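Readers should treat all values here as calculations from the given coordinates under stated rules, not as data from a laboratory. Bear in mind that the values here come from a model prediction, so they are computed numbers and not experimental data.
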Amino acid sequence: MHLRAAPLIVLIAATSACGVGVGPVTTDAPTPFSASSTSTPEGFTAAECLGVVGGKQVIVKLDVPKEFEPESTDPSDQTPDGQCTWRTSEERFFSVEIGEKESLADLNDELKEYEDIGGDDEVKDVTYDASTDTFGDLEGERLSWWSYSDGMPADCVHVQANGIRVFWQNPDDIEQRLDDLDAVLDSIELIRS
């Protein structure tokens, strides 16, 4: 009996990743999911970002802080399968990308090469979390860092799950407003049209 159970125990241990951090999860094609929150918060407006996944149109629905103006929401601007961007007069910026396949772990590795180098292209405070809450009750990745690029210091955050990537950038000299980012993340849902 012990000899029969041993291979099963080895198989379970090998496939359970016991003691090993769960790696990032990317998908070839985003699948529909519902938002964590169904009501639009005060000071936000409902928005949509169109994309094409596997030849079929999809829509990312989300709530956007009212002072953010759309820059790119036209399907002709889609990269890789769809992308929408918004910006404020204070140079706050965020984007939603549909169909992202590269893990944020790869971007984390790239950023580490520029950490604390001084001068242009320097980054600091790089923090990467895998298997963290993202949006739509999904677990995914979160990467944050401080950047100095082209003379502009900024705080940056990427959040990614299920092939959807959100990028939030804020000039270093004004409040980061991560509560607004959290409200955006809570509102994100993907539907097939």
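Largest first, the extents of the alpha carbon coordinates of segment 89-193 on the three principal axes equal 45, 31, 21 Å. Remark: the Ala29-Ile174 segment gains 48.6 nm on full extension, using 0.36 nm per residue and subtracting the alpha carbon distance.
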